[in-house]
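In what follows, a single structure is set out as structure tokens and then discussed.
The values are calculated or read from the model by the stated rules, or taken from the named source; none is laboratory data. What you see is a predicted model, and the numbers here were worked out from it, not measured in a lab. A quick note on method: Cβ atoms are made from the backbone with ideal geometry, for glycine too, and the neighbour counts reach across all protein chains shown. For accessibility, only protein heavy atoms count, side chains too; no ligands or nucleic acids. Shrake-Rupley method; radii C 1.70, N 1.55, O 1.52, S 1.80 Å.
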Amino acid sequence: MTTLSAFKHFTNGLAEQEQLMPVLFVGHGSPMNGIEDTEFSRRWTQMAKEIPTPKAVLVISAHWFTKGTRITAMDFPETIHDFGGFPDELFAVQYPAPGNPVLAKETAGLLHSAHVALDHDWGLDHGTWTIVRHMYPDANIPVLQLSIDYTKPPQYHYDLAKELYALRRKGVLVIGSGNMVHNLRLAAWDKLDDQQYGYDWALQMNEKFKQLIAAGDYKSLINYNALGKEALLAVPTPEHYLPLMYTLGLKGSKDTASFFNDKTVAGSLTMTSVKLG
């Protein structure tokens, strides 16, 4: 698809009410989840079977943090191995999903609150492909990434996400990819294999975040730094938390929240994920 009219033909044929896609926030965790058969990766595979097959996937990944907002706009985004110290097998992975330049342009046009640059240099980082390759292993669905503007506060990202709502009506699956609780500095790597091992503050904030999501108290989640010292330990830096703002901003009036992969890893990380719709 190389023209705007082609995209409109692609989307206008969809019945909006029937094709309203759910929206996800996925805790992606270690890059090894991209190649290993874990309880997390198995749930991603199952999730793809439970929801409608999307016409395209748009991911807001914690690992594309930019000044300004950008969207991948190439025909075939490269697979980015943005990590170090892992087995060669992980670096060998390629996820050859196509992009969709026309959808990228259309999406940029929806975001009136931000100038969105069409990017031809990034690709799919591990916040995206480690999840999506389990959901759609045939790599036959277009996948795009939208970057996170690190100069903006959570409220900005929440509000910006609202402008993407039309994509849900057009069969596009939007995924925020990060981790609600993400403090690598305090991770207990010696407890990595211990089931549900979590520091008290991590377990407390995981439950608090879930309660606020279920209650629809998004104002408190946007202003997470006012939730006490436990919240500041859970979110010492914002990049893994901000993708959640995009998921919440896309909530519709009839959407309900459900949780999956609700586990704590290495004491200070949670894989807790959210489905709206």
- prompt: With (1) in contact with a strand residue (DSSP E or B) (Cβ under 6 Å, 6 or more places away or on another chain); (2) part of a helix (DSSP H, G or I); (3) hydrophobic (A, V, I, L, M, F, W, C) as the list, and Trp122 as the residue in question, which single condition is left unmet?
  reply: (2)
- prompt: Tally time: how many residues in the range 32-60 are farther than 15 Å from Gly123 by Cβ and either out of contact with any strand residue (DSSP E or B) (no Cβ under 8 Å at 6 or more places or on another chain) or of a type in the set (Asp, Glu) (or both)?
  reply: 16
task: Write out, first by first residue and then by second, each pair whose Cβ atoms fall under 9 Å of each other, whose residues are 6+ apart or on separate chains, and whose first residue, in the range 208-231, is in contact (Cβ under 8 Å) with a residue 40 or more places away in the chain and under 20 Å from Ser253 (Cβ atoms) while the second is open to solvent by 70 Å² or more (accessible area, probe 1.4 Å) and among the polar types (S, T, N, Q).
output: Ala214/Thr256; Ile222/Gln155
query: Which one is most open to solvent (accessible area, probe 1.4 Å) among residues in the range 77-119 that are charged (D, E, K, R) and in contact (Cβ under 8 Å) with a residue 60 or more places away in the chain?
result: Lys105
- prompt: Which ones in the range 163-196 are open to solvent by 40 Å² or more (accessible area, probe 1.4 Å) and closer than 26 Å to Pro52 by Cβ?
  reply: Glu163, Tyr165, Ala166, Arg169, Lys170
- line: Note on the range 253-276: residues open to solvent by less than 10 Å² (accessible area, probe 1.4 Å) and either small (Gly, Ala, Ser) or free of Cβ contacts under 8 Å to residues at least 12 places away in the same chain (or both) are Ala266, Gly267, Ser268, Ser273
task: Would you check if there is a residue in the range 66-77 being modelled with pLDDT under 95, in a loop (DSSP other than H, G, I, E, B) and among the acidic types (Asp, Glu)?
output: no
query: Do you know which residues across the range 129-162 are part of a helix (DSSP H, G or I) and surrounded by 20 or more Cβ atoms within 10 Å (Cβ to Cβ)?
result: Trp129, Thr130, Ile131, Val132, Arg133, His134, Met135, Pro154, His157, Tyr158, Leu160, Ala161
- line: Within the range 204-250, of all residues that are of a type in the set (Asp, Glu) and in a helix (DSSP H, G or I), the one least open to solvent (accessible area, probe 1.4 Å) is Glu230
- prompt: Does any residue in the range 61-76 that is within 10 Å of Leu124 (Cβ to Cβ) come within less than 6 Å, Cβ to Cβ, of a residue that is surrounded by fewer than 14 Cβ atoms within 10 Å (Cβ to Cβ) and modelled with pLDDT of 95 or more six or more places away or on a different chain, and which pairs are these?
  reply: none
- prompt: List pairs: first in the range 173-191 and over 29 Å from Leu144 (Cβ atoms) and touching a residue at least 60 places away in the same chain (Cβ under 8 Å), second of a type outside the set (Gly, Ala, Ser) and assigned to a strand (DSSP E or B), Cβ under 9 Å, 6+ apart or cross-chain?
  reply: Asn183/Leu269; Ala187/Val265; Ala187/Leu269; Lys191/Val265
field: Residue count for the range 180-203, restricted to those that are out of contact with any helix residue (DSSP H, G or I) (no Cβ under 9 Å at 6 or more places or on another chain), not in a helix (DSSP H, G or I) and not charged (D, E, K, R)
entry: 4
message: Going by what's in this entry, would Ile175 be described as within 20 Å of the chain's Cα centre (by Cα), assigned to a helix (DSSP H, G or I) and β-branched (Val, Ile, Thr)?
response: no
task: Kindly list, by first and then second residue, each pair from a residue in the range 120-138 that is more than 15 Å from Ser30 (Cβ to Cβ) to a residue that is part of a helix (DSSP H, G or I) and not basic (Lys, Arg), limited to pairs with Cβ atoms under 7 Å and residues at least 6 apart or on different chains.
output: Met135/Trp44; Met135/Thr45; Met135/Met47; Met135/Ala48; Tyr136/Ala48
